[in-house]
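The values are calculated or read from the model by the stated rules, or taken from the named source; none is laboratory data. Since the model is a prediction, treat every value here as computed from it, not as a measurement. Note: ideal-geometry Cβ built from the backbone for every residue, glycine included; neighbour counts use all protein chains shown.
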Amino acid sequence: MTNRPVSPRRGFSLVELMVVVAIIGMLASIVAYSVSGARPQAERSKAMADLKSMRNAILFYKSDTGEYPEELEDLHRDPGVDGWGQSAEGAAYLLDPPRDPWNRMYVFYPNDPRGSAPFNLATLGRDGQEGGEGSDEDVWLHEPWE
């Protein structure tokens, strides 16, 4: 009989693998917890960017026509101003009616209910109801005007 030298074992033991899986699980839960708050903030940021874009379209409309639109749909129609729409085929102040991050139409107030501006824009948050807290909180365009 020949005596072969015993080679060291190759691979990992079950305990070592379990420790690695536990560590990966803990890291994944930490990442998931830290990312969970990012979505509501991103939704609110997108809503605010949309509101500012619509505000600019409304101000361009007023610059061209001398008056504010009565409704957001006015921003999709020819306002009847000479030279309007000649720079781009089918030009409009807004190409599509924008929808908030929760897939609802933005709310346009021709007369600002807060009394601080000639108009205001808002989205009613995740729940679609006025008021609310957290991700259900309304997002208003609050900026000084003229």
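Some observations on this one:
- When GLU70 is tested against (1) in contact with a helix residue (DSSP H, G or I) (Cβ under 9 Å, 6 or more places away or on another chain); (2) assigned to a loop (DSSP other than H, G, I, E, B); (3) more than 15 Å from ALA47 (Cβ to Cβ); (4) modelled with pLDDT of 85 or more, only condition (1) is not met.
- From the options MET1, MET48, residue that is at pLDDT 90 or above and among the aliphatic types (A, V, I, L, M): MET48
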